[in-house]
Amino acid sequence: MMQAYDLCIRGAGVVGQTLALLLAKERLRVALVAPPRPATGPDVRAYALNSSSQQLLASLRCWPEPEAATPVTDMWVSGDQGGSVHFSAAQQQTPALTWIVDVPALEARLGEAVRYQPLIERLDAPVPAALTVVCEGRASSTRAEFGVDYETQPYPHTAIAARLESDEAHGQQARQWFLPGQVLAFLPLGGEQGNSVALVWSVPHAEAAELMSLAPTEFAERVAAAAGRPAGSLRLISERASWTLQQSRADRWTGRMPDGSGHWALAGDAAHAVHPLAGQGLNLGLGDVQALARILSQRDYWRSVGDPRLLRRYERERKAGIWALGLAGDSLQRLFDLPQAPVQLARNWGMTQFDRLVPLKSWVTRMAMGLN
C-alpha cells in the first residue's frame, strides 16, 4: 500500500477516474477517493462526447466497444416555426460529429483501467496530498467545506432521460427539437446499426411530474407527439430519470487547504454546470482534467503539483472557454423560452439563415467537436 500521495482526487466518476489515469501516466502517485455508492436502478443516461474527448479516452484505452459508442454522422435541429439547421460529418470531412456513449459502459472501462494502474489507489476517505482535486459533481460537499460559493441560476425546467426503441434504425442521426417552453432530443444508441435512442427532454417542472407518472405506453405516445410522429413506433425500454436544470459556476476554482497542508482545485461539475441543450457537459469536464494534467506535466522539476501559480494558470485557461459556452447556451435557452409570436418568427428565421452561412456553421461545428 502506498504511504504518500502526490494528489488526492475526491470523486471517482468519469472525470475523476480520467484525471487519475492521466496523472498516473506522469508517474504521479494518486489517491482516488470513491465512497460506496447507494444502490440505484439502471443508469439510463448517455453522454455526447466530441472528438477531443474521444481521442483523450482512446489514448487511455478506455473507449467503449462500438455498440456502446455510436458515431453521429448527421444532426438535425428544428425550431418551433419551421426553422432548421443540419450539421453533417461529411461536410467536416470527419467520421463523426460526436459519439453517443452509454454511461455504464464508459464507467466500466475506466474502472477496469484504474484497477490495473499501480500508481492509483482507491480509498474510502481523503488523505493528505500536495494537491487535492475535487471532482464530486455539482452537489459537492467538499466544495462547501472549502468555503467556495457555487453561484447557481436555476431554470424553470426539469430534464427527463430515458431509452426508447423504434421499428426504424436511427441511421446514426441525432435530432433535436426546440418547442414552445421545452427542448427534446433523440441521441442514437446501440452502434451504427442500432434502433434505440437516448431521450433527453427538458420540460417545465409541473409537466415533468406528469410525464414521470405516465404509464410506459402513454409516455412513449407523448414523446412521439412532441417529436412530430417520427418514422417507426416508439417503445419505452428503460426506467425514467429526472433532475432539475441549472447553470452554475464556482467563484473560485483553486485555493489552499483549510488546514494549510496543501492546495486544492475544482474540476468538472464541481466547478461549473451548463444547460444540456448543447450536449457539452462532460466534454467541458474532460477538458478541465486534460488541461490540468497538461499544466502539471509541463511544470519545472522543482515545482510541486500544488504550486499556486500552476493552479491559477489552470483556472484562467478553463474559465475563459467555459464562460463563453455557458453564455451561449443560456442565451439560446432563454431565446426559445420566449412565447411571443414576433420572437418565434425571428429566431426561426435566424436558424434558417445560420444554416445557409456555411463558413460560420463549419466554425461553430468544429468548436463543438473540440477541433478548434
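All of the numbers you see were taken from the coordinates with simple rules; none came from a lab. Model, not experiment: these values are computed from the prediction. No Cβ is skipped: glycine too gets one built from the backbone with ideal geometry, and neighbour counts run over all protein chains shown.
Subtracting the Cα-Cα distance from 0.36 nm times the residue separation, let me have the gained length for A225 to R312 in nm, one decimal. If you can, show how the numbers build up before the last one.
Details: separation 87, 0.36 × 87 = 31.32 nm, distance 4.93 nm.
Between A225 and R312, full extension yields an extra 26.4 nm.
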Output ³J(HN,Hα) for the range 175-182: one whole-Hz value per residue in order, computed from phi by the Karplus curve 6.51 cos²θ - 1.76 cosθ + 1.60 with θ = phi - 60°, and x for Gly and Pro.
-> 9, 9, 10, 8, 10, x, x, 7
If you stretched the chain out fully between Q298 and K319, how much longer would it get, using 0.36 nm times the residue separation minus the C-alpha to C-alpha distance?
-> 5.6 nm
Go through 137-150, 159-172 and give me the packing order, highest mean Cβ count within 10 Å leading.
-> 159-172, 137-150
Under 5 Å from the placed amide H of R29, counting only residues 5+ away or on other chains, we find D6, L7
Karplus 3J(HN,Hα) series, Hz, for the range 10-26 with 6.51 cos²θ - 1.76 cosθ + 1.60 (x for Gly, Pro) | 9, x, 10, x, 4, 5, x, 5, 4, 4, 4, 5, 5, 6, 5, 4, 8
If the label point is 7 Å along Cα→Cβ of E26, which residues in the range 239-279 have backbone nitrogen under 18 Å from it?
-> 253-256, 262-268
³J(HN,Hα) computed for each position of the range 191-197 - Karplus, 6.51 cos²θ - 1.76 cosθ + 1.60, integer Hz, glycine/proline x = x, 4, 9, x, 10, 10, 9
For L179, residues with placed amide H under 5 Å, excluding near neighbours = L184
When Lys and Arg each count +1 and Asp and Glu each count -1, what net charge do the other residues less than 11 Å away from Q172, Cβ to Cβ, add up to?
-> -2
Once Lys and Arg are counted +1 and Asp and Glu -1 for all other residues with Cβ under 13 Å from that of A220, the total becomes +1
What is the range 71-164 by shape, rounded, prolate or oblate, if you read a ≥ b ≥ c off the alpha carbon gyration tensor as root eigenvalues and call it rounded for a/c under 1.5, prolate for a/b larger than b/c, and oblate otherwise?
-> oblate
Can you sort C62, C8, C135 so the residue with the fewest Cβ neighbours within 10 Å comes first?
-> C62, C8, C135
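Can you tell me which of 284-292, 181-189 comes out highest on packing, and rank the rest after it, using the mean Cβ neighbours within 10 Å?
Details: 284-292: 24.9, 181-189: 22.3.
Highest to lowest by the protection proxy: 284-292, 181-189.
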Could you check the simple spin-label distance between R115 and E192, using points 7 Å along Cα→Cβ, in nm with one decimal?
-> 3.1
Determine, from the Cβ-Cβ distance of E151 and H86 and an R0 of 45 Å, the FRET efficiency 1/(1 + (r/R0)^6), rounded to the nearest 0.05.
-> 0.80
